[in-house]
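Here's the structure we're looking at; comments come further down.
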Amino acid sequence: MIVLSPESLNEVYARHLDWYPAIQNPQSAPEHIEGLADIMFQFDLILLDSYGVLCRGSTPIEGAPEAIQQLRKNNVSFCVVSNDTLTNRSVAAEKYRTRGFDFTSNEVLTSLDITEQYLSSLESSGNIGVIAPLDHPSNHLLEGMVRLNGCNGEIPDGVDTLLFLTGAGWTAKMQENMVNSANGRQFDLIVGNPDIGAPHGDHVTATPGYFLADLVEQTIQKAKPTLFGKPDRSIFSMAIEQHQITDPSKVLMVGDTLYTDILGGNAMGFKTLLLQCGVYQNENILEVISRTGISPHYIAPAL
């Protein structure tokens with residue numbers, strides 16, 4: 001497990017801004033509010049990040065289940081939009097139920113759902129090396145690929161595409177072996193979870209975006225990665241299409257990370273709400289916004 005500070009997290013994101021949509025900030029400074037209830041009636045759809053907004057690891061954040069019930073009570077449409085690549089819609093409802101949330105499968109959209117669309121379109125996959133535990137919900141779509149976890153991270157000859165699916169089970173030694181075996185080679189790069197890190201308990205742990213960035217920086221990869229999660233447009237576009245939204249300004253994206261939730265939401269023309277209970281917990285949020293150059297429309301302590 002690699003633990004990141006909020007500062008180092010943002011530094012990695014900042015080094016790879018060319019992977020993400022251009023920064024588009026609100027014209028005015030962010031408005032501080034108490035929580036979602038202050039503004040929820042202004043929107044036709046509320047999109048919610050998961051880790052750092054609803055939960056930290058598997059533990060729900062105080063007040064989050066009650067906030068979801070308030071949305072239901074007031075008939076405000078919402079959808080969880082997460083870069084989780086261990087969960088797709090077929091297992092989402094049960095996973096969140098264990099965390100105190102009563103979501104249906106139609107109320108959760110993950111980057112794994114987007115990635116599975118890509119995987120199902122492949123005609124051949126023997127040239128792809130994938131970072132994912134050997135027991136994964138998408139195993140039926142990963143057949144024929146080289147499972148790098150099973151190779152202790154070493155990339156065999158013949159692999160020319162790397163899919164960074166999930167960091168579960170991925171070790172520092174596997175990362176070292178992958179980097180060493182990638183030296184002098186170039187790959188097409190695909191990442192199911194572009195997050196650099198995610199909050200778990202009282203710390204932030206590295207996620208697939210970090211392992212991708214480390215590989216790119218150490219082996220001078222030239223290809224621009226294909227992203228299947230926030231801040232890329234694809235996951236946002238699917239969410240608003242499914243909810244038949246035609247006016248993006250009537251959508252609120254709620255997140256805890258400036259480079260994914262807020263940058264991506266702003267680029268889509270959504271309004272954005274940054275919560276302080278996630279990766280920037282205990283940080284001076286206005287200083288973080290100033291350093292990154294990415295600003296939300298609203299700031300709140302929690303949901």
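The values are calculated or read from the model by the stated rules, or taken from the named source; none is laboratory data. Note that the structure is predicted; figures quoted are calculated from it, not measured. Reconstructed Cβ throughout: ideal geometry from the backbone, glycine too, with neighbour counts over all protein chains shown.
A count restricted to the stretch 182-220 and to residues that are touching a residue at least 24 places away in the same chain (Cβ under 8 Å) and either among the hydrophobic types (A, V, I, L, M, F, W, C) or not assigned by TED's automatic domain parsing to the domain that holds residue 166 (or both) stands at 14. Looking only at the stretch 120-140, residues that are modelled with pLDDT under 95 and not in a loop (DSSP other than H, G, I, E, B) come to 4 in all. Within the stretch 269-285, no residue that is assigned by TED's automatic domain parsing to the domain that holds residue 205 sits with its Cβ atom under 8 Å from a residue that is at pLDDT 95 or above and surrounded by 24 or more Cβ atoms within 10 Å (Cβ to Cβ) at 6+ positions apart or across chains. The condition of being under 18 Å from the mean Cα position of the chain (by Cα) and under 27 Å from residue 61 (Cβ atoms) holds for only one of 163, 112, that being 112.
Okay, residues lined up against (1) farther than 20 Å from residue 51 by Cα; (2) crowded, with 23+ Cβ neighbours inside 10 Å:
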| site | (1), (2) |
| --- | --- |
| 247 | yes, no |
| 260 | no, yes |
| 263 | no, yes |
| 267 | yes, no |
| 287 | yes, no |
| 291 | yes, no |
| 298 | no, no |
| 303 | no, yes |
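Would you point out the residue of the stretch 74-119, among those that are among the β-branched types (Val, Ile, Thr) and part of a strand (DSSP E or B), that is nearest to residue 228 (Cα to Cα)? Checked the stretch 74-119; the qualifying residue nearest to residue 228 (Cα to Cα) is 110. Elements of the type helices (runs of 4 or more DSSP H) sitting completely within the stretch 203-303 and holding at least 1 residues that are of a type in the set (Asp, Glu): these cover 208-219, 233-242, 285-292.
Just one of (1) among the hydroxyl-bearing types (Ser, Thr, Tyr); (2) buried (at least 17 other Cβ atoms within 10 Å of the Cβ); (3) under 21 Å from the mean Cα position of the chain (by Cα) fails for residue 181. It is (3). If you check residue 212 against the conditions, is it buried (at least 24 other Cβ atoms within 10 Å of the Cβ), closer than 26 Å to residue 152 by Cβ, at pLDDT 95 or above and touching a Leu at 6+ places or on another chain (Cβ under 7 Å)? Taking the combined requirement at face value, the residue satisfies it. Inside the stretch 116-133, can you point out the residues that are within 17 Å of residue 156 (Cα to Cα) and in contact with a helix residue (DSSP H, G or I) (Cβ under 9 Å, 6 or more places away or on another chain)? 125, 128, 129, 130, 131, 132 - these are the residues of the stretch 116-133 that are within 17 Å of residue 156 (Cα to Cα) and in contact with a helix residue (DSSP H, G or I) (Cβ under 9 Å, 6 or more places away or on another chain). Scanning the stretch 1-15 for residues that are in a helix (DSSP H, G or I) and either crowded, with 18+ Cβ neighbours inside 10 Å or polar (S, T, N, Q) (or both) gives 6, 8, 9, 10, 12, 13.
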